[in-house]
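Have a look at the structure below, then the notes.
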Amino acid sequence: MNHLIIAMLNIHRKANLFILGIALIRGATVLSSAAAERVVVPPPNTTAGIQWDAAEPKPDDRRLGKLRTTDDSTFPMRPVTRAEAWPARRDDIRTRVLVAAGLHPLPKRSPLNAIVYGQVERDDYTVERVIFESFPGHFVTGSLYRPKSPATSRRPAVLNPYGHWKGGRFHDRGAEGVRQEIAAGAERFESGGRHLIQARCVQLARMGCVALVYDMEGFADSVQLEHAAGPRRDDAGKPGYLLFSPQAELHGQTMFGLQTWNSIRALDFLGTLNDVDPRRIGVTGASGGGTQAMILGAVDDRIAAAFPAVMVSAAAQGGCTCENAPYLRINQGNIDIAAALAPRPLGLICANDWTKALESKGHPDLKALYTLLQHPGDYEAHFHLQFPHNYNAVNRQHMYSFMNRHLKLGLPEPIVERDYVPLDVATEASVWTEKHPKPEGEGRGEPHERKLTADWTRATEAALQAMSAEARHGVIVEGVTTMVGRLPAEVGPVKWSPLRASDGGNYRVTAGMLNVAHHGEQPPALFIYPKQKWNRQLVIWLADAGQAGLFGGDGKPIPAVAALVNRGYGVASVDMFGQGALAGGGGKAVRLVTRGKGNEPYQQAACYTFGYNPPLAAQRVHDVMSLVEYLRRSEGDRPAERIHLVAIGKEAGPVGLIARIVLGDLIDQAAIDAQGFRFDAVDRFDHPMFLPGILRYGGMDALWALNRKRGAANIDGANAALGALGN
């Protein structure tokens with residue numbers, strides 16, 4: 001077997017690395033059942049000398065409690081206190097959204113192949129049918145509203161995504177409901193109340209704007225994909241992947257990401273129109289359309305002003321799979337995402353729904369942010385709590401005034417909505433005609449879905465390959481770091497709770513729990529030190545069995561660990577989340593949650609677990625970071641000069657690779673054996689190594705490449721670590 005020697009990295013950090021003192025006490029581990037791929041507790045009569053005593057306290061770790069979900073958690077904004085800190089915070093939000101959307105890096109753009117035809121003339125505006133391709137052969141459909149008067153200069157434009165209104169762009173509420181709306185003062189005209197999506201586009205065109213309304217996936221003329229589906233099992237060997245399957249999620253390909261890409265490509269489409277001013281493009285939508293407006297404003301600087309209605313709140317974050325994705329709301333919520341537009345103009349609408357919470361939770365933070373950035377007049381919020389969830393005429397009126405001011409239309413206020421003649425769906429609105437037939441056969445359903453995800457993968461790979469090696473390296477590190485969701489500097493103080501100690505003759509075993517107060521985590525840790533001739537070097541040893549991986553059935557250190565101790569090394573280990581005392585209930589390391597009761601298939605999608613809770617692999621990296629932070633900050637009486645990392649196992653190996661990337665110079669040498677693990681073999685959401693998005697960056701090949709740049713050794717078995725670490 002090859003014994004590789006690893007170069008030392010940044011020895012100037014030596015003096016800041018410390019280990020715990022003599023009074024540490026022995027702690028707990030349990031054994032793992034590799035066949036069952038879960039951690040189980042050993043019987044009380046085990047011979048392993050590091051068994052967790054039933055009388056000893058169990059970890060008080062928040063991760064063992066209830067998981068976060070879209071509906072039952074609050075998501076306060078994480079404000080900044082200095083204007084200079086905002087650009088970095090904004091970039092963090094933007095990067096997380098793009099990573100969640102599978103758009104980090106942005107895929108290489110393919111031709112739009114746009115078709116604009118079938119102009120309908122009304123009194124002072126026109127409407128045309130629009131088809132363009134966001135990916136090859138994947139159609140985005142919609143209606144393009146323009147002022148009828150000839151353009152003397154380039155016009156402002158407004159994108160109009162919409163939410164889950166029945167019929168989408170063709171939504172018709174019906175006459176009975178509208179009469180009640182008019183009586184309540186919510187609407188002025190039957191046409192506007194019945195066809196509220198058309199209503200705002202008509203009025204924007206009358207105000208001098210080009211208004212594009214484009215379909216959500218699976219609504220109106222968007223017929224190629226199902227909008228929301230439950231978890232799917234994919235068939236090996238077929239090209240591409242089905243959305244909502246483990247393989248699609250591992251590539252970061254979701255309905256949320258596809259709709260976000262459609263919005264970005266809609267901006268590209270507007271940029272091709274000769275009458276559109278690219279410096280004056282706004283976006284507005286309500287409910288799920290508010291989500292799309294908020295997301296687009298966060299990730300694309302071409303948006304000059306955004307007005308998401310009845311969506312942004314510290315309460316519920318959006319219920320559909322098109323509004324959720326892994327990582328999206330970890331360390332942030334909708335208020336943060338909406339704030340990422342700042343200091344560009346932002347307007348919000350709140351109603352008697354979950355958004356009513358904004359008035360006291362979020363609105364003051366957003367006002368403070370815009371004031372801090374010296375743009376107090378560029379933020380506004382309107383609270384009409386007498387109305388239920390809506391985008392009615394009262395609230396549309398606020399949007400018209402907002403766009404008038406911030407897109408510099410120069411119209412006298414107030415702007416009053418007028419009646420109009422709605423489009424006939426079949427003859428004036430639908431893009432599918434005999435000349436432009438609706439996609440059928442290979443153009444929709446599973447065949448199209450597989451082609452779409454394959455094209456998405458190729459476009460992402462093309463974007464990465466077009467970069468310099470240094471830029472590609474930076475993008476992958478940024479993506480992996482975002483997936484981990486925590487930096488070493490964000491661990492916070494780590495203290496030690498001792499439990500037990502034992503004497504092994506020529507070594508001492510000490511153990512207890514790390515207290516990571518800032519995050520409410522308490523991973524058990526264990527240390528083995530030689531009694532004499534310690535070389536001032538410490539090896540962190542990660543194993544699939546947790547701390548138990550350091551010991552054999554006789555309770556003594558395994559030969560490789562014993563050899564390290566005999567050579568003067570100290571050895572540390574930690575029960576990472578899902579191991580040992582952190583295994584949780586039910587014997588499964590990974591718990592899944594559903595939206596609501598999970599009665600509908602879509603409510604079981606992966607986004608409802610991993611959009612709000614880090615994947616297990618990320619949480620295990622957190623535990624390694626906590627251990628390193630403790631060793632660096634510990635005030636023990638014997639400072640360590642170097643810290644190394646050994647990780648062996650199909651779970652511990654990949655975790656070690658990721659930890660090495662995130663910890664960087666804090667680890668001197670690394671020796672890792674992933675035992676042939678590949679992320680593309682993960683086939684279920686509750687797999688311990690399900691890490692959404694990792695295949696977009698190249699999976700294990702990319703992790704190894706990044707580690708080799710830092711001199712990490714690819715070893716074969718525990719004994720190989722001895723040669724890899726050197727003397």
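With one equal scatterer per alpha carbon and no solvent term, the Debye-computed log10 I(q)/I(0) for region 106-465 at 0.13 1/Å reads -1.03. Taking the fewest neighbouring Cβ atoms within 10 Å as the starting point, the ordered list for 575, 668 is 668, 575. Pull out the extension gain between residue 471 and residue 401, defined as 0.36 nm times the separation in residues minus the alpha carbon to alpha carbon distance; nm, one decimal. Value of the extension gain: 20.9 nm. For region 317-371, the extents of the C-alpha atoms along the principal axes are 33, 26, 18 Å, listed from largest to smallest.
Restriction of the GluC sites (Glu not before Pro) in region 634-697 to DSSP coil positions whose beta-carbon has at most 13 other beta-carbons within 10 angstrom yields 635. Its Kirkwood hydrodynamic radius, worked out from the mean inverse distance over all distinct Cα pairs, puts region 607-727 at 15.2 Å. The HN-Hα couplings worked out from phi for region 170-184 by the Karplus form 6.51 cos²θ - 1.76 cosθ + 1.60 (θ = phi - 60°) are 9, 3, 9, 6, x, 5, 5, x, 5, 4, 5, 5, 5, 4, 7 Hz, whole numbers, x standing for Gly and Pro.
Where does the charge balance sit around residue 72 when Lys and Arg score +1, Asp and Glu -1, over other residues with C-beta under 11 Å from its C-beta?
Values: positive: 66, 68, 595; negative: 71.
Counting the neighbours of residue 72, the net charge comes to +2.
Per residue, the convex hull spanned by the alpha carbons of region 178-316 comes to 166 Å³.
Extent of region 262-377 along its three principal axes (Cα atoms, max minus min coordinate, largest first): 44, 36, 27 Å.
Size estimate for region 125-174 follows the Kirkwood approach: the inverse of mean 1/r over distinct Cα pairs works out to 13.4 Å.
Cross-link pairs exceeding 31 Å between alpha carbons, from the set 356/451; 148/435; 66/361: 356/451. Partners of residue 709 within straight-line reach, counting aspartates and glutamates whose Cα lies under 15 Å from its Cα and excluding those fewer than 8 residues away in the same chain: 470, 665, 668, 701. Within the chain, DSSP assigns beta bridges of which about 55% are antiparallel (rounded to the nearest 5).
Sorted by packing (mean other beta-carbon atoms within 10 Å per residue), highest first, where do 335-342, 425-432, 322-329 land?
322-329, 335-342, 425-432
Computed from Cα atoms alone, the Kirkwood hydrodynamic radius reported for region 45-179 is 22.4 Å.
Sequence-ordered 3J(HN,Hα) estimates for region 276-284 from the Karplus curve with 6.51, -1.76 and 1.60 and θ = phi - 60° stand at 9, 8, x, 8, 10, 10, x, 9, 8 Hz, glycine and proline given as x.
List the relative contact order of the chain as a percent without decimals, with contacts defined as Cα pairs under 8 Å and 6+ residues apart. If you can, show how the numbers build up before the last one.
On the way: 1613 pairs, mean separation 166.1, N = 727.
For the chain, the relative contact order is 23 percent.
Cβ crowding within 10 Å ranks 610, 189, 269, 551 as 189, 269, 551, 610, fewest other Cβ atoms first. Which Cα, out of 331, 423, 229, lies furthest along the positive dipole direction of region 106-465 (beta carbon charges, K/R +1, D/E -1)? The Cα lying farthest towards the positive end belongs to 331. The phi torsions of region 243-250, fed into the Karplus equation with coefficients 6.51, -1.76 and 1.60 and a -60° offset, translate into couplings of 4, 6, 9, x, 5, 5, 5, 5 Hz, rounded to whole numbers, with Gly and Pro shown as x.
Based on the alpha-carbon set only, what is the convex hull volume of region 351-478 divided per residue, in Å³? Each step should come with its number before you reach the end.
Values: hull volume 37.5 nm³, N = 128.
Enclosed volume per residue, from the Cα hull, is 293 Å³.
With a cut-off of 11 Å between beta carbons, the residues surrounding residue 287 carry a summed charge of -2, where Lys and Arg count +1 and Asp and Glu -1. Put in order of Cβ neighbour count within 10 Å, fewest first, the listed residues 686, 61 become 686, 61.
Using helices alone, what [θ] at 222 nm do you get for the chain, with -39,500 (n - 2.57) per DSSP H run of 4 or more residues, divided over all residues and rounded to the nearest 500? Please list the in-between numbers first.
Details: 18 runs with 201 residues, N = 727.
Calculated mean residue ellipticity at 222 nm is -8500 deg cm²/dmol.
Annotation: amide H of residue 713 within the under-5 Å range of 670, 671, 672, sequence separation 5 or more or interchain, hydrogens built in the peptide plane.
Each reported figure results from applying straightforward, stated rules to the coordinates on display, with no laboratory input. These numbers were taken from a predicted model, which means no experiment stands behind them. Don't worry about glycine lacking a Cβ; one is built from the backbone with ideal geometry, like all the others, and counts go over all protein chains shown.
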